[in-house]
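The values are calculated or read from the model by the stated rules, or taken from the named source; none is laboratory data. Remember, predicted model here, so these are calculated numbers, not experimental data. Cβ coordinates were reconstructed from backbone atoms using ideal geometry, including for glycine residues, and neighbour counts include every protein chain displayed. Ligands, DNA and RNA are excluded from the accessible area calculation, which covers all protein heavy atoms including side chains. Shrake-Rupley method; radii C 1.70, N 1.55, O 1.52, S 1.80 Å.
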There are 4 protein chains.
Amino acid sequence: MTDSIAALTGEIRSFRDARDWMQFHNPKELAVAIAAEAGELLQHFVWQSAEQSHRRVEERREEIASEMADVAILLFELADNSGVDLAEAMRAKLAKNEIRYPVEKARGSNKKYNEL
Amino acid sequence: MTDSIAALTGEIRSFRDARDWMQFHNPKELAVAIAAEAGELLQHFVWQSAEQSHRRVEERREEIASEMADVAILLFELADNSGVDLAEAMRAKLAKNEIRYPVEKARGSNKKYNEL
Amino acid sequence: MTDSIAALTGEIRSFRDARDWMQFHNPKELAVAIAAEAGELLQHFVWQSAEQSHRRVEERREEIASEMADVAILLFELADNSGVDLAEAMRAKLAKNEIRYPVEKARGSNKKYNEL
Amino acid sequence: MTDSIAALTGEIRSFRDARDWMQFHNPKELAVAIAAEAGELLQHFVWQSAEQSHRRVEERREEIASEMADVAILLFELADNSGVDLAEAMRAKLAKNEIRYPVEKARGSNKKYNEL
């Protein structure tokens, strides 16, 4: 099956509209739900070291994948409802970050662009 | 240009690897960054009513799109690094929610599945 | 019993030190745990209207109080470990907000100080 | 000055009521604001190692203290508005955790109680 953002967004829209849920899905509410689901995703890794977090993914891949899916579903819908082309916004951000983080300066560094 | 998750993930991977950043991008750290960016997205809507949040998107579309892009970029990378097929996980979640939220019971309701 | 921040912080410190957990409680990790617990608190209110959120508190007061306690415990410890006097920081913030949000301009408005 | 939660909550209430803001401060909205501020606090530590996070606190103590204050102010108000005695809820949670994390089993371990 296709992994196109537009196709997946169409499936999300069908799910939502069959339930008449657009009335609850204003931009704020979607942003709230995204933050709550990002919190659930994070919950799997609290107190874990970087090394432990790799193992955690092995042990709980399905659960963690399900939290990622929750964030993605809400995010694709928010972009759609906001008239944002998510793929384009992602490429615009990568292009911006190409400038903010020039390869020679950023290589191997975890500093923010304004500290490089 | 294509909006395939796999294609976008490839672009993210190139950006990351040119900077040798994989060393910082363990699953925990990506989940931390996702939660922080979801917080930035939410920040645009704090204290706003649902109605106001529509206007906010009009006024700040580029800024808000940029926050969405941050979350999406990190999420696509986390899925990739975790061996998760994000499109498949999203469809699995929608299928699960089809059962949790049957159309007849869920239509027009904002209740959670365990309260329907 | 006293509700002094210092006294409560002392109790948190005893709990932590009896378990030799200071090794895990660096500032970053505490900030991660606070964000995850704030996400759990938020989870109780997702998709709810303002009105519904009042009822939710009535129905789930103990559960919600327990999430608030989680955030507070971690926050008091973070302040303590960071050499921050939380009461003083709170009063400094209120003083700053007195200037940012003058009563005559801010009354009845949900605008941010930079939009007033 | 006193660091009693009740006294600080009284100061927060005065600030809010002088601006007639109770109309915006329903439980949901406070939980949303707490999550957004917890995200801002977290933002200071993204991509940082545990060691780096100690230095970060040294370098940005005032800024970070100000984010902690934001979370605390909102949390004290949420507890107050929800009829929750925060100090009591914190002690109840510590007591619960004394049972969940017995000293002999939990010492030096970062495991969750259900994994000990």
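Please give, to one decimal in nm, the separation of the simple spin-label points placed at B:S109 and D:R107, each 7 Å out from Cα toward the Cβ.
5.2 nm
Please compute the Kirkwood hydrodynamic radius of the range D:68-116 from all pairs of different C-alpha atoms, in Å with one decimal.
About 12.7 Å for the range D:68-116.
Looking only at other chains, what is the average number of their beta-carbon atoms within 10 angstrom of each beta-carbon in B:71-78?
Whole-number average of other-chain Cβ neighbours for B:71-78 is 6.
Aspartates and glutamates within cross-link reach of A:K93: Cα-Cα under 14 Å, excluding same-chain residues under 8 positions apart?
A:D85, B:E11, B:E37, B:E62, B:E63, B:E67, B:D70
Counting partner chain Cβ atoms within 10 Å of every residue's Cβ in A:90-96, what's the average?
Shielding by partners across A:90-96 averages 6.
In a Debye calculation with equal point scatterers on the alpha-carbon sites of chain D and no solvent, what is log10 I(q)/I(0) at q = 0.21 Å⁻¹?
Log-scaled intensity ratios, in q order: -1.17.
Sort B:65-77, A:77-89 by packing, meaning the average of other beta carbons within 10 Å per residue, with the highest value first.
Peptide ranking by packing, descending: B:65-77, A:77-89.
Please turn the phi angles of the range C:27-39 into ³J(HN,Hα) values with the Karplus equation 6.51 cos²θ - 1.76 cosθ + 1.60 (θ = phi - 60°), one per residue in order, whole Hz, x for glycine and proline.
x, 4, 4, 5, 5, 5, 5, 4, 4, 5, 6, 4, x
Based on Cβ point charges of +1 for Lys and Arg and -1 for Asp and Glu, what charge dipole magnitude is obtained for chain B about its Cα centre, in debye rounded to the nearest 20?
640 debye
Just to confirm my numbers, what's the Cα centroid distance between the range B:80-108 and the range D:1-72 in Å?
Here the answer is 35 Å between Cα centres.
Using a 1.4 Å probe over the heavy atoms of the protein chains, calculate the carbon and sulfur portion of the accessible area of the protein assembly as shown as a whole percent.
Result for the protein assembly as shown: 48 percent of the exposed heavy-atom area is carbon or sulfur.
Leaving out ligands and nucleic acids, note down the accessible area per residue over the range B:44-105 with a 1.4 angstrom probe, in whole Å².
It amounts to 45 Å² per residue over the range B:44-105.
Could you run the Karplus curve 6.51 cos²θ - 1.76 cosθ + 1.60 with θ = phi - 60° over the range A:59-64 and give me ³J(HN,Hα) per residue in whole Hz, x for Gly and Pro?
So the J values, rounded to whole Hz, are 6, 10, 4, 5, 4, 5.
For the residue pair D:Q23 and B:E51, what label-to-label distance in nm results when each label sits 7 Å from Cα along the Cα-to-beta-carbon direction?
1.2 nm
For the rotation taking D to C, I'd like to know which residue in chain D has the C-beta closest to the axis, plus that distance in Å.
With distances in whole Å, chain D gives D:A38, 2.
Over 17 Å, how big is the tail of the calculated P(r) for the range B:24-83, in percent of all Cα pairs?
44 percent
Starting from the residue with the highest accessible area, list A:R13, D:R61, C:R107 in decreasing order, probe 1.4 Å.
Putting A:R13, D:R61, C:R107 in descending order of accessible area: C:R107, A:R13, D:R61.
In the structure shown, do any of B:K112/D:K28; A:K28/C:K111; B:K28/D:K111; A:K96/C:K112; A:K28/B:K28; A:K112/C:K28 have a Cα-Cα gap over 19 Å, and if so which?
Long pairs (Cα-Cα over 19 Å): A:K96/C:K112; A:K28/B:K28.
How far is B:S109 from the same spot in each other copy, in nm, shortest first, if each label point sits 7 Å from Cα toward Cβ?
4.1, 4.3, 5.5
What would the Debye equation give as log₁₀ I(q)/I(0) for the protein assembly as shown at q = 0.06, 0.07 Å⁻¹, counting only Cα atoms as equal point scatterers?
Result of the Debye calculation: -0.25, -0.35.
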